[in-house]
Amino acid sequence: MAKPVYTDDLSTQVIKVDRDSIHFSPEGKLSVTDTSTENALIKAAKILQQPGGVVAFPTETVYGLGGSSLCTESVKAIYAAKHRPADNPLISHISSIEMLRSKLLAPGQEIPEVYKPLIEKFWPGPLTIVLPVGDSNKSPISPAVTAHGPTFTVRMPVHPIARALISISGIPIAAPSANASTRPSPTQAAHVYHDLKGRIPLILDGGACDVGLESTVVDGTVDPPMLLRPGGVPMEKIKEVGGPFWQKIIHVKKVAGKNEPVRTPGMKYRHYSPTAQVVMFLNCGNGTDATHNYIAEHRLNGKKIALLRSKRFAEPEDGVFQVVRDLGRSGKAIQKNMFAELREVDELGVDYIFVEGVPEDHEGLAIMNRLTKASSVIVDGGKETIRGRD
Ligand code: TXA
Ligand code: MG
């Protein structure tokens, strides 16, 4: 039996790949014009075809850590490399609808009708759907992917490197975000290297991710349908194109306590946490009074503090903050920059990261979902809530 890759003392190779050299025809046929990109994709695909083989690769949302959805040894290698709790299931990634039908659905199983308008509009792209596993004796999916649950999740990424890698390997790829568990999700190859070097054999470096946070996860197997995780496709868009059924979509409780039953296991874990303490400011106007008051009340003078501004915060006076970064004004820009900036200012060794919250509509819902989980304290207007770090 092949030695599981994750237990080896590995050096992690990072190979640059050129996304612009990869093309899919409207029928889904792949062509790669740059030889070194093609060689890197073939190398990565060969690793994925080995039991226990895992590779990190870019998607349009965040970098993923992939392994075969059909091989328990590979899925276990993913959990081990990330230190991810085994009860938090993984999303399977496909390069075509045909792959979903032939490699993930059990014999006789169909894609539920309710998903047709969403698949039509949002695939390939940052939307993940929940499907029943059906008869687990017939399902080809490793039970480690679903954490032995009755459902599985799937999406078709639009990023050419992700789609080409899946297509060349010929297998559906289970891939969580390629960060160490509890850390902010990686949007650049360097973030993956920081968290997982020595734990995985290969990172395909395709530059920065366009969306910058993870896919939207929806469950249409229940009525009313549920938004399990806000993400790259805003809920408003799902309502807009999904017809009457999807207009009823409910956003499940944003954060669940440890002992409560949860709809999506990812909700109950500590997430997206830099080493510095994150304090989020909401409904605080231009931020000047609220941030100054917080510093005074908590005697933070002399501490190193980073400020991440977005839509409304004013340029602060000199000397208050060690670092000041603009996340951008639009939802799309904030979404793209947020994880990278959390990581970057954390690397500068600050004690606190103050971040400006945004209204919870359109991209704002997913942004606030991530920022809320990353924060240990939320200051809403004048009121302060301690979230606790675990
Ligand atoms: O954009 C993305 O979705 C990225 C890229 C790599 O594709 N992947 C990603 O995976 O974010 P991960 O593992 O970090 O987050 C998957 C989320 C978790 O919250 C998990 O609990 C939920 O999806 N999930 C997975 N399978 C599920 C299932 N069968 N039922 C409910 N929730 C599920
Ligand atoms: Mg994740």
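The values are calculated or read from the model by the stated rules, or taken from the named source; none is laboratory data. Quantities reported herein were computed from a predicted structural model and do not represent experimental measurements. Every residue, glycine as well, gets a Cβ built from its backbone with ideal geometry; the counts of neighbours run over all protein chains shown. Just so you know, the surface numbers come from the protein's heavy atoms only, side chains and all, with ligands and any DNA or RNA stripped out. Shrake-Rupley method; radii C 1.70, N 1.55, O 1.52, S 1.80 Å.
What's the local net charge at S25, with K and R +1, D and E -1, over the other residues with C-beta under 15 Å away?
Details: positive: K29, R163; negative: E27, E98.
Taking every other residue near S25 into account, the sum is 0.
Looking at the calculated P(r) for the chain, what percent of the C-alpha pair distances fall above 26 Å?
Details: 39489 of 75855 pairs.
Cα-Cα pairs in the chain separated by more than 26 Å: 52 percent.
Where the centroid of each part is defined by its Cα atoms, how far is segment 52-120 from segment 342-390 in Å?
Using only Cα atoms, the two centres lie 29 Å from each other.
Note the angle between two axes, namely the Cα long axis of helix 160-169 and the longest principal axis of the Cα atoms of the chain, as a number of degrees from 0 to 90, rounded to the nearest 10.
With rounding to tens, the tilt is 30 degrees.
Quantify, in whole percent, the carbon and sulfur part of the accessible surface of the chain (1.4 Å probe; protein heavy atoms only).
Numbers: 8190 of 16590 Å².
Answer for the chain: carbon and sulfur cover 49 percent of the accessible area.
Pairing the Cα long axis of helix 363-374 with the longest principal axis of the chain, what angle in degrees results, from 0 to 90 and rounded to the nearest 10?
Rounded to the nearest ten degrees, it is 80.
Roughly what angle does helix 35-49 make with the longest principal axis of the chain, taking Cα atoms, 0 to 90 degrees, to the nearest 10?
80 degrees
Can you compute the FRET efficiency between E120 and I250 using 1/(1 + (r/R0)^6), with r the Cβ-Cβ distance and R0 = 22 Å? Round to the nearest 0.05. Display every interim value, and only then the final one.
Numbers: r = 23 Å, r/R0 = 1.02.
Efficiency, rounded to the nearest 0.05: 0.45.
Which GluC sites (Glu not before Pro) in segment 52-110 pass both tests, a DSSP loop state and at most 12 other beta-carbon atoms within 10 Å? All intermediate terms of the calculation are to be shown ahead of the outcome.
Values: sites: E60, E73, E98, E110; in loops: E60, E110.
Those that pass, being in a loop and sparsely packed, are E110.
Relative contact order of segment 274-376, please, whole-number percent, based on alpha carbon pairs below 8 angstrom and at least 6 residues apart.
Details: 157 pairs, mean separation 41.4, N = 103.
The value is 40 percent.
Per DSSP H run of at least 4 residues, take -39500 (n - 2.57); add these up for the chain, divide by its residues and hand me the 222 nm value, nearest 500 deg cm²/dmol. Intermediate values should be presented prior to the final figure.
On the way: 9 runs with 103 residues, N = 390.
Per the formula, -8000 deg cm²/dmol.
Between A333 and K197, what is 0.36 nm times their sequence separation minus the Cα-Cα distance? Round to one decimal in nm. Before the final figure, lay out the partial values.
Values: separation 136, 0.36 × 136 = 48.96 nm, distance 2.84 nm.
Difference between extended and current length: 46.1 nm.
Among the aspartates and glutamates, which have Cα under 12 Å from the Cα of K303 when same-chain residues fewer than 8 positions away are ignored?
D351
Over the residues of segment 297-390, compute the C-alpha Rg and express it relative to 2.2 N^0.38 Å.
Details: Rg = 13.1 Å, N = 94, 2.2 N^0.38 = 12.4 Å.
That ratio works out to 1.06.
With labels modelled as points extended 7 Å from the Cα through the Cβ direction, what inter-label distance (nm, one decimal) is found for K383 paired with T221?
Once both label points are built, they end up 3.8 nm from each other.
When a/c reaches 1.5 or more, the comparison of a/b and b/c decides; with that in mind, is segment 1-159 rounded, prolate or oblate per its Cα gyration tensor? The partial results should precede the final answer.
Values: a/c = 1.88, a/b = 1.09, b/c = 1.72.
Cα axes put segment 1-159 in the oblate bin.
Between T35 and N301, with labels modelled 7 Å along Cα→Cβ, what's the label distance in nm to one decimal, could you check?
Calculated label separation equals 6.6 nm.
Give me the one-decimal nm value for the distance between modelled label points at S11 and V323, 7 Å along each residue's Cα-to-Cβ direction.
2.9 nm
Using 18 Å as the Cα-Cα cut-off, could you pick out the over-long pairs in K16/K332; K103/K138; K248/K373; K237/K332; K239/K373; K116/K248? Numbers along the way, then the final one.
Working: K16/K332 26 Å; K103/K138 12 Å; K248/K373 26 Å; K237/K332 14 Å; K239/K373 25 Å; K116/K248 16 Å.
Table pairs above 18 Å Cα-Cα are K16/K332; K248/K373; K239/K373.
Specify the residue with the greatest mean-square fluctuation among S167, S310, S21, computed from a Gaussian network of the chain linking alpha-carbon atoms under 10 Å apart.
Comparing S167, S310, S21 in the GNM, the peak value goes to S21.
Residue separation times 0.36 nm, minus the C-alpha to C-alpha distance between R312 and D87: what's the value?
Taking R312 through D87 to full extension adds about 77.1 nm, to one decimal.
Long-range amide H contacts for D380: which residues qualify at under 5 Å (H placed 1.01 Å from N, peptide plane, sequence gap of 5 or more or a different chain)?
Residues meeting the criterion, in which the H sits 1.01 Å from N, are L282, T385.
Provide the per residue accessible area, probe 1.4 Å, for segment 73-215, rounded to a whole number of square angstrom.
Ligands and nucleic acids excluded, the figure is 33 Å² per residue.
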